[in-house]
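The values are calculated or read from the model by the stated rules, or taken from the named source; none is laboratory data. Values in this document were obtained by computation on a predicted structure and should not be read as measured data. Please note: Cβ atoms are built from the backbone with ideal geometry, for glycine as well, and neighbour counts cover all protein chains shown.
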Amino acid sequence: MIEVRGLSYSYGSRNAIHDVSFSAGSGTVLGILGNNGAGKSTLITCLDMIRTPDEGSVMIDGRPIITMSRKEIARLVSYVPQRSEISGMSVFDCILLGRRPYFGWGADERDIEACRSVIRRMGLEGLAFRRMDELSGGEQQKAMVARALVQEPAVMLLDEPTNSLDPRNQNEVMALVRSAAREDGITVIAVLHDLNLALRFCDRLFFMKDGTGFCCCSSDEVDSATISGAYGIDSEIVTVGGRRFVLMD
């Protein structure tokens, strides 16, 4: 579980986020949404101390993250950025890097087996010894999510995990993320731009506007007024085949 209270961060004199508060329970997916410049990426990098907040607190399972060492944070929190450097290393070696917080002199059999297990779970067996820079964008993103999962985190942070992916890979990646959250009891926080993807795969949604929280609610509670207030656009929510969709004017 993660609890965020009164979080603020500035770039020099520019206040990027201010007084942001929310919580997310274990086994759930929380989507962070809002217009460009709303502070979503800044917020997510403050949650694992990539950026140190100016004010406020982040608690993971009741412990303040600011009191933890980098190694402790790395064991508790995994992070997949918007853009990852894709090298010529193999998929297996890339995913194995997620075990670094647990390494002694190097990877042991437990680390190797954890890597094999995640590769099977993510359906990457046929790609394990391919070079990362030979993969498609969707395959690369699945490998980066696998690297985050092999850390065995309590919290997984994803910054636009479906960016530049085709609809099929968007759905596959988010389905894998939601499955991992539920099966492993991970708290997943994902910055998303696709409202329909968020409605389908997130348990709760946290809308940001002008650097602060605008609304936090369950996916079922989102209505056209919420979207209008957060994005400044007219919309209608319709139900088709038991699923809710946002139609924008």
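Points worth noting:
- Set side by side, the residues ASN15, ASN35 differ, and just one is surrounded by 14 or more Cβ atoms within 10 Å (Cβ to Cβ), part of a loop (DSSP other than H, G, I, E, B) and out of contact with any His (no Cβ under 9 Å at 6 or more places or on another chain), which is ASN35.
- Any hit, region 93-102, residues being closer than 27 Å to ASP166 by Cβ, surrounded by 14 or more Cβ atoms within 10 Å (Cβ to Cβ) and free of Cβ contacts under 8 Å to residues at least 12 places away in the same chain: yes
- Test set (1) part of a strand (DSSP E or B); (2) in contact (Cβ under 8 Å) with a residue 60 or more places away in the chain; (3) surrounded by fewer than 16 Cβ atoms within 10 Å (Cβ to Cβ); (4) not polar (S, T, N, Q) - PHE245 fails condition number: (2)
- Hey, ASP166 loosely packed, with under 15 Cβ neighbours inside 10 Å and within 16 Å of GLN141 (Cα to Cα) or not: yes
- Screening ARG200 on (1) assigned to a helix (DSSP H, G or I); (2) at pLDDT below 90; (3) not polar (S, T, N, Q) shows it passes everything except condition (2).
- Which numbered condition VAL177 fails, given (1) crowded, with 22+ Cβ neighbours inside 10 Å; (2) part of a loop (DSSP other than H, G, I, E, B): (2)
- Search result, residues across region 103-131 that are touching a residue at least 24 places away in the same chain (Cβ under 8 Å), over 21 Å from MET174 (Cβ atoms) and hydrophobic (A, V, I, L, M, F, W, C): ALA114, CYS115, ALA128, PHE129
- Positions within region 150-173 being without any contact (Cβ under 8 Å) to a residue 40 or more places away in the chain and either in contact with an Asp or Glu (Cβ under 7 Å, 6 or more places away or on another chain) or in a helix (DSSP H, G or I) (or both), in sequence order: THR162, PRO167, ARG168, ASN169, GLN170, ASN171, GLU172, VAL173
- Residue count, region 51-65 (criterion: touching a residue at least 12 places away in the same chain (Cβ under 8 Å) and touching a strand residue (DSSP E or B) at 6+ places or on another chain (Cβ under 7 Å)): 10
- Qualifying residue in region 216-238 (condition: outside any loop (DSSP other than H, G, I, E, B), modelled with pLDDT of 90 or more and crowded, with 23+ Cβ neighbours inside 10 Å): no
- Among residues of region 183-213, those that are of a type in the set (Asp, Glu) and under 27 Å from ASN15 (Cβ atoms), counted: 1
- Within region 106-126, the residues that satisfy the criterion of being within 15 Å of SER90 (Cβ to Cβ) and among the small types (Gly, Ala, Ser) are ALA107, GLY126.
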